[in-house]
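Report on one structure; see the data block that follows.
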Amino acid sequence: MKKIIEKNALKKKLEKLRREGKKIAFTNGCFDILHVGHIRYLREAKKTADILVLALNSDSSVRAIKGNKRPLTCEGERAEILAALEFIDFVTIFEETTPLELIIDLKPDVLIKGGDWPEEKVVGREEIKKWGGRVAIIPEILGKSTTNIVEKIKKMYFPNE
């Protein structure tokens with residue numbers, strides 16, 4: 001099964017899976033440097049439904065959100081790494097800075113974010129509740145972030161900057 005998939009093809013696959021009675025979970029992010037915090041988060045996210053869709057920010061949307069020095073890893077490589085994880089069923093790349101349009105198109109049953117996001121700020125929460133879905137907040141893995149890794153590298157190799 002091809003796991004990295006374009007939005008329209010993914011929508012068709014999810015409609016078929018939904019007809020088979022499968023529950024669909026959706027999460028999104030940049031996933032610039034994959035680390036243990038991501039792994040623990042995604043493993044927990046998979047427990048919320050039968051199918052886990054990961055919407056990956058494109059390189060241009062990562063730059064818009066995090067600045068011109070990011071991403072550190074290109075979208076194709078980030079998608080390939082994430083698709084290799086057994087608990088992720090599909091990866092799709094989106095260009096916008098938020099996944100709202102994609103959430104509306106795919107209509108997942110569960111919308112998942114990390115504990116660093118209060119539910120009232122989760123993009124798509126109002127929409128998912130309209131069609132009977134729910135928001136799941138996975139507790140944050142404290143101290144585990146790409147930003148922390150980048151800062152640690154800077155301090156180790158460029159202590160005077």
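Values in this text are rule-based calculations from the coordinates and carry no lab data. What you see is a predicted model; the values in this text were computed from it and never measured. In this analysis, Cβ positions are derived from the backbone assuming ideal geometry, glycine residues included, and neighbour counts consider all displayed protein chains.
Got a sec? How would Thr97, Thr27 order by Cβ neighbour count within 10 Å, fewest to most?
Arranged by neighbour count, lowest to highest, Thr97, Thr27 become Thr97, Thr27.
Under a point-charge model restricted to the Cβ atoms of Lys and Arg (+1) and Asp and Glu (-1), what is the dipole moment magnitude of the stretch 7-157 relative to its Cα centre, in debye to the nearest 20?
200
Output the peptides 16-24, 132-140, 48-56 sorted from most to least packed, where packing is the average of other Cβ atoms within 10 Å over each peptide's residues.
48-56, 132-140, 16-24
With unit charges on the beta carbons (Lys and Arg positive, Asp and Glu negative) and the dipole taken about the Cα centre of the stretch 1-107, which residue among Ala25, Ser58, Pro99 sits farthest to the positive side?
Comparing the listed Cα positions along the dipole, Ala25 ranks first.
Between rounded, prolate and oblate, where does the stretch 94-161 land on the alpha carbon gyration tensor, with a ≥ b ≥ c its root eigenvalues, rounded for a/c under 1.5, else prolate if a/b exceeds b/c?
Taking the square roots of the gyration eigenvalues as a ≥ b ≥ c, the stretch 94-161 is prolate.
How many times 2.2 N^0.38 Å is the alpha carbon radius of gyration of the stretch 56-115?
Cα Rg divided by the expected 2.2 N^0.38 Å: 1.18.
Just the Cα atoms of the chain: what Rg and Dmax do they give in Å?
My reading of the Cα-based Rg and Dmax gives 15.9, 58 Å.
Among Lys13, Lys47, what is the fewest-to-most ranking by other Cβ atoms within 10 Å?
Lys47, Lys13
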